[in-house]
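A short write-up of the structure that comes next.
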Amino acid sequence: MLELDSVTHRYGEDADAATAVDGVSLTIPDGEFLVLCGPNGSGKSTLVRHLNGLLEPDAGRVLVDGTEASEDPVAARTTVGMAFQEPRDQFVAATVGGDVRFGPENLGLDHAEIDRRADAALAAVGLDGRENDRIETLSGGERERLAVAGALAMEPNHLVLDEPFTGLDSPAREGLLDRLRGLHADGTGLIVVTHDLRELLGDADRVVCLADGEVVVDASPDDAAAELPEYGVRVPDQPAAGN
Ligand code: ADP
Ligand code: MG
């Protein structure tokens with residue numbers, strides 16, 4: 001379980017520094033599929049980077065399975081996997097196989113276990129058989145899926161994806177969404193950050209919307225859909241236009 005308790009984050013030291021996240025409290029049970037939305041600059045990326053200890057709050061607490069993320073960053077990073085908005089920043093090796101093996105290698109796992117995890121993670125995103133491909137030759141959708149595989153190879157309880165659909169065409173988007181549905185069905189908690197909910201609403205357990213660093217909506221997808229347009233978040237037409 002992930003718990004944010006009155007988390008505030010400011011960039012910069014001065015009193016007038018922008019408050020990116022402003023007193024957010026959220027409890028995210030294991031296995032939950034949560035969509036985190038809100039306009040650009042509303043604090044989504046800042047907030048999720050607290051969940052695995054990448055950022056520390058200026059006030060409040062972040063608990064991962066009951067332990068403060070800052071106290072045990074290694075545990076936080078193995079429990080909460082994260083794939084970023086711009087996966088280019090995240091790759092550490094030249095090839096698909098090298099990249100997906102990097103995390104498990106750093107956990108000090110034996111070779112058989114590293115192989116098993118790398119194979120499972122690549123299969124989960126449909127990149128099996130592509131181990132020797134150079135990352136620079138992958139399409140945008142494949143890079144996003146590789147970023148997800150890198151996080152999955154850590155076998156996290158929760159997977160955080162920050163704007164994973166940005167720049168993906170429709171087939172790539174559907175492909176990734178299918179993989180996410182499978183992971184959720186297998187018990188992995190998902191936290192998907194997006195400003196565009198098109199296909200996601202039907203799959204999520206819960207929708208949280210941020211505005212100016214504060215939670216303004218925290219509801220079931222159906223209830224949230226009615227409130228989101230007010231905060232500049234696109235929701236699908238209902239019934240969905242056939243496409
Ligand atoms: P979102 O992901 O919802 O677009 P962010 O968390 O990236 O929002 O940003 C929230 C606020 O914090 C914005 O006002 C943004 O300009 C500011 N911000 C984000 N990252 C930094 C940074 N590294 N330094 C200074 N300000 C930042
Ligand atoms: Mg962001």
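Taking every DSSP bridge with both residues inside the chain, close to 50 percent are antiparallel. Helix-only arithmetic for the chain: the sum of -39500 (n - 2.57) across DSSP H runs with n ≥ 4, divided by the residue total, places the mean residue ellipticity at 222 nm at -9000 deg cm²/dmol. Distant-in-sequence amide contacts of Val217, defined by a placed amide H-H separation under 5 Å and a gap of 5 or more residues or a different chain, comprise Cys209. Its Cα centre serving as origin, the range 2-231 has a Cβ charge dipole (Lys and Arg +1, Asp and Glu -1) of approximately 620 debye. Extension gain, Thr166-Val92: 0.36 nm per intervening residue step, less the Cα-Cα distance, totals 24.5 nm. Over all orientations, the range 2-231 has a Cα convex hull whose mean projected area works out to 12.5 square nanometres. For the range 1-108, the list of GluC sites (Glu not before Pro) that fall in a loop by DSSP and count at most 14 other C-beta atoms within 10 angstrom reads Glu13, Glu71.
Taken together, the values in this text are just the output of simple stated rules run on the coordinates, not laboratory data. Since the model is a prediction, treat every value here as computed from it, not as a measurement. Note that each Cβ is placed from the backbone with ideal geometry, even for glycine, and that neighbours are counted across all protein chains shown.
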